[in-house]
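See below for the structure under consideration.
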Amino acid sequence: MKEKALNLLGLMRKANAVQIGEENTGASVRAGTSKLLLLASDASDNAVRRAKGFVYGRNIPLISTPFMKEEISASVGKPGCSMLAVCDLGFADSFMKLLQAISPDIYDETARIISDGLAREKQRRRENRAHENNKRIGKRRNNA
């Protein structure tokens with residue numbers, strides 16, 4: 001399962017759905033595009049403090065992964081990577097499901113939060129498509 005999760009990180013990198021490094025991660029969180037913040041298990045105290053500062057007051061989960069910096073760096077292709085921001089809810093949900101399979105007691109709550117967020121996003125998209133369709137066709141509201 002760990003290998004699948006690391007391969008998914010590489011796939012996220014190719015899909016441009018992840019921001020790598022402290023500066024890019026911080027910019028992504030401040031811009032509001034991040035859905036999940038990941039830390040390496042051997043991240044420095046300074047990196048952990050900065051990550052907590054990034055997510056403070058925002059509704060973005062911060063998790064420490066079971067992967068070392070070297071493993072993450074090898075999978076995303078950037079040396080010395082200890083912090084990642086996932087910017088796509090679908091990828092974040094898939095990654096959290098893999099982590100949940102690795103150790104359910106640690107990642108259950110975060111996986112549930114991400115899964116609920118994905119369900120809400122899908123519902124919003126469905127409603128928006130219906131609204132656009134109704135505007136085009138001219139369906140009226142029934143105010144009874």
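Structure values in brief
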{"item": "Selection from the range 105-144 of residues that are within 18 Å of the chain's Cα centre (by Cα), under 18 Å from SER64 (Cβ atoms), of a type outside the set (A, V, I, L, M, F, W, C) and open to solvent by 50 Å² or more (accessible area, probe 1.4 Å)", "result": "ASP108, GLU109, ARG112"}
{"item": "Members of the range 66-117 found to be more than 24 Å from GLU23 (Cα to Cα), in contact (Cβ under 8 Å) with a residue 24 or more places away in the chain and among the small types (Gly, Ala, Ser), listed by number", "result": "SER94, ALA101, SER103, GLY117"}
{"item": "Residue ID - least open to solvent (accessible area, probe 1.4 Å), chosen from residues in the range 25-46 that are within 22 Å of PHE91 (Cβ to Cβ) and free of Cβ contacts under 8 Å to residues at least 40 places away in the same chain", "result": "GLY26"}
{"item": "The range 48-99, residues that are within 18 Å of ILE113 (Cα to Cα) and of a type in the set (Ser, Thr, Tyr)", "result": "TYR56, SER64, THR65, SER94"}
{"item": "Top-ranked residue in the range 47-68 [being of a type in the set (Ser, Thr, Tyr) and in contact with a strand residue (DSSP E or B) (Cβ under 8 Å, 6 or more places away or on another chain); ranked as surrounded by the most Cβ atoms within 10 Å (Cβ to Cβ)]", "result": "THR65"}
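The values are calculated or read from the model by the stated rules, or taken from the named source; none is laboratory data. A quick note: this is a predicted structure, and the numbers were derived from the prediction, not measured. Counting neighbours? That spans all protein chains shown, and the Cβs are built from the backbone with ideal geometry, glycine included. For the accessible areas, the whole protein counts, side chains as well, though only heavy atoms, and no ligand, DNA or RNA atoms are used. Shrake-Rupley method; radii C 1.70, N 1.55, O 1.52, S 1.80 Å.
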